[in-house]
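Participant: Here it is: the structure, laid out below.
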Amino acid sequence: MEAIVLAAGQGTRLRPYTATTPKPLLPVQGRPILDWILAALPPVERLIVVVHHLAEQIEDYLRKQRHIRYWVSVYQEQPRGTGHALMSCRPHVASERCLVVNGDDLIRAADLTRLAAVPQGLLVHPVTTPHLFGIVFRRPNGTLDRIVEKPTDLSPPQWANIGAYLFPHRVFDLELPLSPRGEYEITDAVTLLAQQYPFYVVEAQGWIPIGNPEQWAAAQQADLTRWLVRHLG
């Protein structure tokens with residue numbers, strides 16, 4: 001299994017901090033966000049990191065990190081959504097399955113391990129602001145029914161898609177549609193795969209999104225060593 005980290009974003013909601021430092025390298029408790037992410041990944045054969053904004057800084061970090069020996073960076077010349085970022089990794093994925101995570105969210109190692117155990121699936125976590133997230137609806141057997149983006153008519157709590165996926169290699173055979181905003185979305189890949197085979201919904205026990213200064217500040221106070229990290233080496 002290989003792991004893909006989507007780390008090409010501009011981090012606009014965290015400006016001016018991200019003007020000179022890419023969002024995945026912002027520090028949380030003295031370590032870059034990306035370092036916490038790599039520490040929480042289950043064992044993988046190779047790491048693939050999609051980069052764009054300040055890509056040279058992320059590549060410099062990857063050369064120095066000791067979590068995963070084999071890695072490659074994929075430069076997304078024209079960022080066109082998470083689906084486009086995923087598909088840009090096609091030439092580099094050789095294994096039958098790949099774990100895909102965002103480069104700015106902290107997820108428990110145990111949850112990523114549970115996700116890696118299903119044939120294909122995604123992680124969800126309860127939220128009290130469903131209008132800010134993609135909300136996941138499940139069938140009685142625990143597989144995906146549908147994802148509704150930022151619904152305004154649902155009462156909290158709801159289960160949100162937190163941006164961690166386990167894909168089979170056949171995901172790279174899909175033709176993703178262009179979204180209304182002119183991008184390709186990774187959730188469209190999820191929807192298309194779910195139409196072919198059961199797509200499992202795995203509940204995460206912990207999740208810390210880092211999308212704005214308030215969330216970044218909150219992450220500094222979280223007890224990450226107890227519930228997030230598999231190894232710190």
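The values are calculated or read from the model by the stated rules, or taken from the named source; none is laboratory data. In this text the structure is predicted, and so the values were computed from the model without any measurement. Note: ideal-geometry Cβ built from the backbone for every residue, glycine included; neighbour counts use all protein chains shown.
Participant: Condition check: assigned to a helix (DSSP H, G or I) and hydrophobic (A, V, I, L, M, F, W, C). Does LEU123 satisfy that?
Facilitator: On the way: assigned to a helix (DSSP H, G or I): no; hydrophobic (A, V, I, L, M, F, W, C): yes.
When the stated conditions are applied, LEU123 does not pass them.
Participant: Would you tally the residues in the stretch 178-192 being under 19 Å from the mean Cα position of the chain (by Cα) and either assigned to a helix (DSSP H, G or I) or farther than 17 Å from CYS89 by Cβ (or both)? Let's see the steps before the verdict.
Facilitator: Step one: of the stretch 178-192, the residues under 19 Å from the mean Cα position of the chain (by Cα) are 183-192.
Within this subset, residues satisfying the condition of being either assigned to a helix (DSSP H, G or I) or farther than 17 Å from CYS89 by Cβ (or both) are 186-192.
Here the count works out to 7.
Participant: Find the residue count for the stretch 147-168, including only residues that are over 21 Å from PRO79 (Cβ atoms) and under 17 Å from the mean Cα position of the chain (by Cα). Let's see the steps before the verdict.
Facilitator: Looking only at the stretch 147-168, we keep the residues that are over 21 Å from PRO79 (Cβ atoms), and these are 147-148, 151-160, 166, 168.
If we keep only those that are under 17 Å from the mean Cα position of the chain (by Cα) as well, we get 147, 159-160, 166, 168.
So the count comes out to 5.
Participant: Could you look through the stretch 181-215, keep only residues that are of a type in the set (Asp, Glu) and touching a Gly at 6+ places or on another chain (Cβ under 8 Å), and pick out the one that is surrounded by the most Cβ atoms within 10 Å (Cβ to Cβ)? Show your work before the answer.
Facilitator: Residues of the stretch 181-215 of a type in the set (Asp, Glu): 183, 185, 188, 203, 214.
Keeping just the survivors that are touching a Gly at 6+ places or on another chain (Cβ under 8 Å) gives 183, 185, 188.
Details: GLU183: 16, GLU185: 22, ASP188: 20.
Checked the stretch 181-215; the qualifying residue surrounded by the most Cβ atoms within 10 Å (Cβ to Cβ) is GLU185.
Participant: Is it true that some residue in the stretch 219-229 is at pLDDT 95 or above, surrounded by 16 or more Cβ atoms within 10 Å (Cβ to Cβ) and in contact with a helix residue (DSSP H, G or I) (Cβ under 8 Å, 6 or more places away or on another chain)? Quick ask: steps written out before the conclusion?
Facilitator: The first filter runs over the stretch 219-229 and keeps only residues at pLDDT 95 or above, leaving none.
Looking for residues that are at pLDDT 95 or above, surrounded by 16 or more Cβ atoms within 10 Å (Cβ to Cβ) and in contact with a helix residue (DSSP H, G or I) (Cβ under 8 Å, 6 or more places away or on another chain), one finds none in the stretch 219-229, hence no.
Participant: Continuing with the same structure: What helices (runs of 4 or more DSSP H) completely inside the stretch 1-110 contain at least 2 residues that are among the polar types (S, T, N, Q), over 29 Å from LEU193 (Cα atoms) and modelled with pLDDT of 90 or more?
Facilitator: Numbers: elements: 33-40, 55-64, 82-87.
Because the criterion is at least 2 residues that are among the polar types (S, T, N, Q), over 29 Å from LEU193 (Cα atoms) and modelled with pLDDT of 90 or more, no helices (runs of 4 or more DSSP H) in the stretch 1-110 meet it.
Participant: Going by the structure shown, is GLY83 crowded, with 21+ Cβ neighbours inside 10 Å and touching a Lys or Arg at 6+ places or on another chain (Cβ under 7 Å)? Let's see the steps before the verdict.
Facilitator: On the way: crowded, with 21+ Cβ neighbours inside 10 Å: yes; touching a Lys or Arg at 6+ places or on another chain (Cβ under 7 Å): no.
Taking the combined requirement at face value, the residue does not satisfy it.
Participant: How about the stretch 190-218: which of its residues are over 22 Å from GLY121 (Cα atoms), of a type outside the set (S, T, N, Q) and at pLDDT 90 or above? Outline the logic, then answer.
Facilitator: If we filter the stretch 190-218 for residues that are over 22 Å from GLY121 (Cα atoms), which is where we start, we get 210-218.
Then keep just the ones that are of a type outside the set (S, T, N, Q); that gives 210-211, 213-214, 216-218.
Across the stretch 190-218, the qualifying residues are ILE210, PRO213, GLU214, TRP216, ALA217, ALA218.
Participant: Being touching a residue at least 12 places away in the same chain (Cβ under 8 Å) and on the phi > 0 side of the Ramachandran plot is the filter; apply it to the stretch 7-50 and report the residue that is surrounded by the most Cβ atoms within 10 Å (Cβ to Cβ).
Facilitator: Per the criteria, the residue is GLY11.
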